Amino acid sequence: MDLTTVSSHRLARHREDLILGAGETLLAGGTWLFSEPQPATTGLVDLTTLGWPDLEQLPDGSLRIAATCPVAVLRERGGLFAWCADALLMSPKVQAVATVGGNVCLGLPAGAMTSLLAGLDATAVVWTPDGGERVVTVADLVVGNAATSLTSGEVVRCFDVPAASLAVPVAHRRFSLADLGRSAGVVIGLRTDDGVRVTVTGSTTRPVVLADGQGVEAIDCWHEDAHGARDWRVTQTARCLAEVREELG
């Protein structure tokens, strides 16, 4: 869709370029931004020209994923990464443009990159407008339906997946009203030294991390919309939770 109110497009080359003027908004892949009218937006500031590497292996073995990394690049890692990318039901062309950071920052319950990163206990590195940065878990970055903990002027720089999360057994389940429908719930489990860590997304308005032994009764933020009623999501989440824990032993 054409954004008829936009009259400027700036290419960000340095961090200072991310200071937004009146009516400006950040642009990464743009697959959501250009999907509907944005009447309040008069200018775009392009993040993709900052030249952030899509993926980096850090000295401690963790994986750094740039906020501007295309979903398709992450999908190439296979396994859980590919499974979550495909859960978005995007065409290959859209996967090649849509970004990991964009999917997370939308804060939508069905955001599969949120499911992936919260499930892997990843953290987000957030640039603050004063030139500093803060680190927050992805599970705490998304705080509600289409809501995040980002404040005005903050920009997500990257996501760091701990080396430990990349080395342990993982189990996952997804359910929807139709075989190829929007995710109504996603359950991802990791077998850790402290037991099985399970993250629930999709059926909740924000990511919920359940410690070993906690059940669905610990969840207080169930989501309900045209893609699934609350009671059905509760039942299906409980089923998936049991299956994930059984698989991980």
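The values are calculated or read from the model by the stated rules, or taken from the named source; none is laboratory data. Keep in mind that what you see is a predicted model, and the values were worked out from it rather than measured. Every residue, glycine as well, gets a Cβ built from its backbone with ideal geometry; the counts of neighbours run over all protein chains shown.
Only one of Arg157, Arg182 is basic (Lys, Arg), surrounded by 18 or more Cβ atoms within 10 Å (Cβ to Cβ) and in a loop (DSSP other than H, G, I, E, B); which? When all the criteria are applied, what remains is Arg182.
Figure legend. Inter-residue proximity from the range 220-231: first residues on the phi > 0 side of the Ramachandran plot, second residues at pLDDT 95 or above, beta-carbon distance below 8 Å, spacing 6+ or different chains. Indicated pairs: Gly228/Ser176; Gly228/Leu177; Gly228/Ala184; Gly228/Gly185; Gly228/Ser203; Gly228/Gln236. Every listed requirement among (1) more than 30 Å from Asp231 (Cβ to Cβ); (2) in contact with a Leu (Cβ under 8 Å, 6 or more places away or on another chain); (3) surrounded by fewer than 18 Cβ atoms within 10 Å (Cβ to Cβ) is met by Thr128 save one, (2).
Taken as a whole, the structure leaves Arg206 outside the set of residues that are surrounded by fewer than 13 Cβ atoms within 10 Å (Cβ to Cβ) and either basic (Lys, Arg) or without any contact (Cβ under 8 Å) to a residue 12 or more places away in the chain (or both).
In the range 6-116, counting only helices (runs of 4 or more DSSP H) that sit wholly within it, the ones holding 2 or more residues that are farther than 18 Å from Val126 by Cβ span 71-75, 79-87, 92-95.
The number of residues in the range 214-249 being farther than 28 Å from Val168 by Cα, of a type in the set (Gly, Ala, Ser) and out of contact with any helix residue (DSSP H, G or I) (no Cβ under 9 Å at 6 or more places or on another chain) comes to 2. Scanning the range 76-92 for residues that are of a type outside the set (Asp, Glu), farther than 26 Å from Leu150 by Cα and modelled with pLDDT of 95 or more gives Arg77, Gly78, Gly79, Leu80, Ala82, Trp83.
Exactly one residue out of Thr192, Thr151 is without any contact (Cβ under 8 Å) to a residue 40 or more places away in the chain, under 21 Å from Phe81 (Cβ atoms), surrounded by fewer than 18 Cβ atoms within 10 Å (Cβ to Cβ) and outside the structural domain of Leu20 (by TED's automatic domain parsing), and it is Thr192. Only one of the numbered conditions (1) more than 22 Å from Val143 (Cα to Cα); (2) in a strand (DSSP E or B) is violated by Arg197, and that is (1). Only one of the numbered conditions (1) under 18 Å from the mean Cα position of the chain (by Cα); (2) assigned to a helix (DSSP H, G or I) is violated by Cys240, and that is (1).
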